[in-house]
Amino acid sequence: MSAPEPAARRPDRQVVKIVALVAFLVLALIYYFIRLGGLAIAYIADGGFAGIAIGIGMLLLPVVGVWIVWTTLQAALAHQHLARRIDEEGLEVDTSALPRRPSGRIERPAADALFAQIKTEWEADPDNWRSSYRLARAYDYAGDRTRAREAMRRAVALEKLEREA
């Protein structure tokens, strides 16, 4: 009988559940794309103008779908990499003392105050991926998902430049 793995080496249950869910969804999409491709070929084989047009359109859907899945997974892995690095460096945005709604979301005035503080930090060092990451988190807490995604893309790009240098 082997000794149990140390807690630091055991995968977190939440992470395992998320990976399993993502794997299931990717497999379901692959199945869907195969079925859709077969149906598209049947429409094209029918030979009519409408059937060929619909078949070609249906063949394009899996291509777009694969691209969406690929870019989403790439972004998720890049964000996870940054989150791990930020956590290791002890720079994650601390929201533990902020007041929360019954839903668990941070109350708006507190989120806005946190955002203002972190934006000031970012303005002092906008070319640092860490400050861009923290800004993305602050945007997310403030409810501005569009700007959060933009800031996170910037953080990913800046971190990649730092790694390559």
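The values are calculated or read from the model by the stated rules, or taken from the named source; none is laboratory data. Computed from a predicted structure; not experimentally measured. Don't worry about glycine lacking a Cβ; one is built from the backbone with ideal geometry, like all the others, and counts go over all protein chains shown. Surface accessibility is based on the protein's heavy atoms, side chains included, excluding ligands, DNA and RNA. Shrake-Rupley method; radii C 1.70, N 1.55, O 1.52, S 1.80 Å.
A quick yes/no check of all residues on (1) open to solvent by 60 Å² or more (accessible area, probe 1.4 Å); (2) not acidic (Asp, Glu):
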position	(1), (2)
ILE41	yes, yes
ASP46	yes, no
ILE56	yes, yes
GLY65	no, yes
ILE68	yes, yes
LEU77	yes, yes
HIS81	yes, yes
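Would you mind stating whether GLY51 is in a helix (DSSP H, G or I), small (Gly, Ala, Ser), in contact with a Phe, Trp or Tyr (Cβ under 7 Å, 6 or more places away or on another chain) and surrounded by 14 or more Cβ atoms within 10 Å (Cβ to Cβ)?
Details: in a helix (DSSP H, G or I): yes; small (Gly, Ala, Ser): yes; in contact with a Phe, Trp or Tyr (Cβ under 7 Å, 6 or more places away or on another chain): yes; surrounded by 14 or more Cβ atoms within 10 Å (Cβ to Cβ): yes.
Considered against the rule, which asks whether it is in a helix (DSSP H, G or I), small (Gly, Ala, Ser), in contact with a Phe, Trp or Tyr (Cβ under 7 Å, 6 or more places away or on another chain) and surrounded by 14 or more Cβ atoms within 10 Å (Cβ to Cβ), GLY51 comes out as yes.
Confirm whether ALA97 is without any contact (Cβ under 8 Å) to a residue 12 or more places away in the chain, closer than 30 Å to GLU159 by Cα and over 21 Å from the mean Cα position of the chain (by Cα). Spell out how you get there, then give the answer.
Numbers: without any contact (Cβ under 8 Å) to a residue 12 or more places away in the chain: yes; closer than 30 Å to GLU159 by Cα: yes; over 21 Å from the mean Cα position of the chain (by Cα): yes.
Considered against the rule, which asks whether it is without any contact (Cβ under 8 Å) to a residue 12 or more places away in the chain, closer than 30 Å to GLU159 by Cα and over 21 Å from the mean Cα position of the chain (by Cα), ALA97 comes out as yes.
With respect to the numbered conditions (1) under 22 Å from ARG163 (Cα atoms); (2) of a type outside the set (Phe, Trp, Tyr); (3) modelled with pLDDT under 90, which one is the sole condition not fulfilled by ALA136?
(3)
Listed residues ILE56, ILE86; which is in contact with an Asp or Glu (Cβ under 6 Å, 6 or more places away or on another chain) and at pLDDT 90 or above?
On the way: ILE56 fails: in contact with an Asp or Glu (Cβ under 6 Å, 6 or more places away or on another chain).
The match here is ILE86.
So, in the stretch 122-161, of the ones that are of a type in the set (D, E, K, R) and in contact with a helix residue (DSSP H, G or I) (Cβ under 6 Å, 6 or more places away or on another chain), which residue ends up surrounded by the most Cβ atoms within 10 Å (Cβ to Cβ)? Even if it seems obvious, please write down each step before you answer.
From the stretch 122-161, those of a type in the set (D, E, K, R) are 123, 125, 127, 130, 134, 137, 140, 144-145, 147, 149-150, 153-154, 159-160; that's our starting set.
Pick out the ones that are also in contact with a helix residue (DSSP H, G or I) (Cβ under 6 Å, 6 or more places away or on another chain) and you get 125, 134, 140, 147, 154, 159.
Working: ASP125: 11, ARG134: 23, ASP140: 19, ARG147: 16, ARG154: 19, GLU159: 20.
If we take residues in the stretch 122-161 being of a type in the set (D, E, K, R) and in contact with a helix residue (DSSP H, G or I) (Cβ under 6 Å, 6 or more places away or on another chain), then ARG134 is surrounded by the most Cβ atoms within 10 Å (Cβ to Cβ).
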